[in-house]
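No lab work stands behind these numbers, since they all come straight from the coordinates. In this text, all values refer to a predicted model and were calculated from it rather than measured experimentally. Every residue, glycine as well, gets a Cβ built from its backbone with ideal geometry; the counts of neighbours run over all protein chains shown.
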Amino acid sequence: MEKLWTGRFQKPLNEIADAFNASITFDSRMFREDITGSIVHARMLAKQGIIASAEAEQIVAALGDILAEIESGALAIDEKCEDIHMFVEGELTRRIGDVGKKLHTARSRNDQVALDLRLYLRAESEEMIALLQAVIQAVVKVAAANTDTIVPGYTHLQRAQPISFAHHLLAYCAMFERDIARIEDAKERMNISPIGSCALAGTTYPTDRVFEAEQLGFRAPCLNSIDGVSDRDFCLELMSAFSIVMMHLSRFCEEIILWSSWEFSFVELDDSFTTGSSIMPQKKNSDMAELIRGKTGRVYGNLFSLFTTLKGLPLAYNKDMQEDKEGIFDSVDTLKMCLQVFAPMVESMKVKKENMLAAAKGGFINATDLADYLTKKGMPFRAAYKLTGQIVAYCIEKGLDLESVDLETYRSFSELFCEDLYEAIALSTCVNKRISLGGTGKESIQRQIEYYQKQAQ
Ligand code: ARG
């Protein structure tokens, strides 16, 4: 394929170098953005009298045809071209001849690729936000069905205090909500138009960058043309936000994997989201959750790969920057798939309430409440804490739990104990009396559930 830049060259590009240099195999996914940008550019050129209106109309019509044909599959993207920009321009010129050659006036591939990537990632960010909202709603649904499900809450993976399973799940909704805010924030900063920066220095033509920015839905054109072509912060910001989403998904998946084990047996994933073993007939593996956890590594990796690519680059555009795309496209695809799998996987999982309750009954997780009982009767908390520790030690020695020690024994530890202590350390009391704002008590859970449900309306 003849290059568009052959004027100065005597020899064609070496075949291996040609393949090495090309980005079409991965940047072709931006064909829509490339054509949309070109249509606006042609209109701007005509509006400013840089090309004739009739010429712009011809260019716009042909670009419209090319777009429709690529979308319908009638036109295949020729992978012998260097990149998607060259393909579209080449195809345009093939169709309308010399007029097509006018499109690249007052433009460079450097601002073109920066534009395409921003447009592409802006759209993908919106999709990602919608997928995250779907995940939140799936989690809220499970939470709403489990407000009365008591489960041990853990610290150090040791049973700590009884909580409602809904409360545990809702913690993840808070994380996903911040994730949405981070992506929205990155999207907002990304939404600045680089087109018209040209190669790096701007142009001598009387272009209208504000018009182009407005037509393409940007907040404004960028202020500095060198920054316009060399900035990839928006990729890093988005990949950072994606990495944090993956970290949240991964933590959740790690818990689901633990909960699905025989040892916990707190949940059972639906058959449609698990796999069997090729050799062990009894197995039901949480492959989807494991894969999400595993794929977190590659999303982090893509972020660090681009950080490293960019760190030594002098201004402005360098070909190194072509390396921005594969990583971020992979992160987009990976995160999308993870979110799409995660929502129905969580929503369809079976919650084994009895097993959760049974686990909550062991491990003295109401010991804090016993100490609080004494404190409310006037004993200083530190003294109550120590005495409760002694009672726990007594229970361990006798093979008892706190509920099964009789009142007489309790009173031998402290005269403050009365019959109402049993009510005070009942697991349901421990959960529902935690009425502090954001605690595991009923009202707090209801408030959280309503908060997220309202977002869906
Ligand atoms: N394929 C290139 C990229 O992805 C487009 C920009 C090329 N610009 C250049 N001066 N060679 O970065």
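With Cα atoms as the point set, the stretch 318-374 shows a radius of gyration and Dmax of 23.5, 71 Å.
Each residue of the stretch 159-174 is assigned a 3J(HN,Hα), and the resulting list reads 4, 10, 8, x, 9, 7, 4, 4, 4, 4, 4, 5, 4, 5, 4, 4 Hz, derived from the Karplus form 6.51 cos²θ - 1.76 cosθ + 1.60 (θ = phi - 60°), x at Gly and Pro. Summarising the amide proton neighbourhood of Gly153: residues at separation of 5 or more, or on other chains, whose placed amide H is nearer than 5 Å comprise Ala160, Gln161, Ile163. Take each peptide in 344-355, 368-379, 78-89, count the other Cβ atoms within 10 Å of every residue, and average; sorted highest first, the result is 78-89, 368-379, 344-355.
Only lysine pairs 8 or more places apart, or on different chains, with alpha-carbon atoms under 24 angstrom apart are counted in the stretch 1-135, and they number 10.
The phi-based Karplus calculation (6.51 cos²θ - 1.76 cosθ + 1.60; θ = phi - 60°) puts the 3J(HN,Hα) values of the stretch 326-332 at 4, x, 6, 5, 5, 5, 4 Hz, whole numbers, x for Gly and Pro.
With the convex hull drawn around the C-alpha atoms of the stretch 266-351, the volume per residue stands at 120 Å³. Here the dipole of the stretch 44-142 is about 300 debye; that uses its Cα centre as origin and unit charges on the Cβ of Lys and Arg (positive) and Asp and Glu (negative). The shape of the stretch 82-150 comes out prolate: with a ≥ b ≥ c from the C-alpha gyration tensor, a/c is at least 1.5 and a/b beats b/c.
Estimated purely from DSSP H runs of n ≥ 4, each contributing -39500 (n - 2.57), the mean residue ellipticity at 222 nm for the chain is -20000 deg cm²/dmol once divided by its residues.
So for the chain, what percent of the C-alpha to C-alpha distances run longer than 43 Å? Counting pairs separated by more than 43 Å, the tail of P(r) holds 37 percent. Less than 5 angstrom separates the built amide H of Gly439 from none of the residues sequence-distant by 5 or more or on a different chain. By the rule of a C-alpha distance below 30 Å, with chain neighbours fewer than 8 residues away ignored, the lysines paired with Lys141 are Lys187, Lys283, Lys284, Lys295, Lys336, Lys350, Lys352, Lys353, Lys361, Lys433, Lys442, Lys454.
Within the stretch 197-278, report the chymotrypsin sites (Phe, Trp or Tyr not before Pro) that DSSP leaves as loop and that have at most 14 other Cβ atoms within 10 Å.
Trp262
If you bin all the Cα-Cα distances of the stretch 386-457 at 10 Å, starting from zero, the percentages per bin are 17, 34, 23, 15, 9, 2.
Farthest towards the positive end of the charge dipole of the chain, among the residues Ser414, Ser28, Thr309, is the Cα of Ser414, using unit charges on the Cβ of Lys, Arg, Asp and Glu. Which log10 I(q)/I(0) values, to two decimals, does the stretch 26-116 give at q = 0.21, 0.24 Å⁻¹ under the Debye formula with one point per Cα? Ignoring solvent entirely, the Cα scatterers give -1.00, -1.30.
In whole percents, the pair-distance distribution calculated for the stretch 327-457 from its alpha-carbon pairs, binned every 5 Å from zero, is 2, 8, 13, 15, 14, 11, 9, 7, 7, 6, 4, 2, 1, 0. Close amide H pairs (under 5 Å, H built 1.01 Å from N) link Cys222 with Ser193, residues at least 5 positions away or on another chain.
Please compute the contact order of the chain in relative form: average sequence separation of alpha-carbon pairs under 8 Å and at least six residues apart, divided by the residue count, as a percent. Don't jump to the answer; show the numbers that get you there.
Values: 593 pairs, mean separation 71.4, N = 457.
Computed over the chain, the figure is 16 percent.
Across the alpha-carbon set of the stretch 172-262, the Rg to Rh ratio works out to 1.24, Rh being the Kirkwood radius. Which of rounded, prolate or oblate describes the stretch 109-198 when judged by the alpha-carbon gyration tensor and an a/c cut-off of 1.5? Prolate shape, in that a/c is at least 1.5 and a/b is the bigger ratio. Ranking Cys235, Asn366, Ser250 by how far each Cα lies toward the positive end of the dipole of the chain (charges on Cβ) leaves Asn366 at the top. In a simple Cβ point-charge model (Lys, Arg +1; Asp, Glu -1; nothing else charged), the chain has a dipole of about 760 debye relative to its Cα centre.
Since only Ile136, Gly7, Val88 are under comparison, the one whose Cα sits farthest along the positive direction of the charge dipole of the stretch 1-153, derived from C-beta charges on Lys, Arg, Asp and Glu, is Gly7. Taking other residues whose beta carbon is less than 12 angstrom from the beta carbon of Val392, and scoring Lys, Arg as +1 and Asp, Glu as -1, yields 0.
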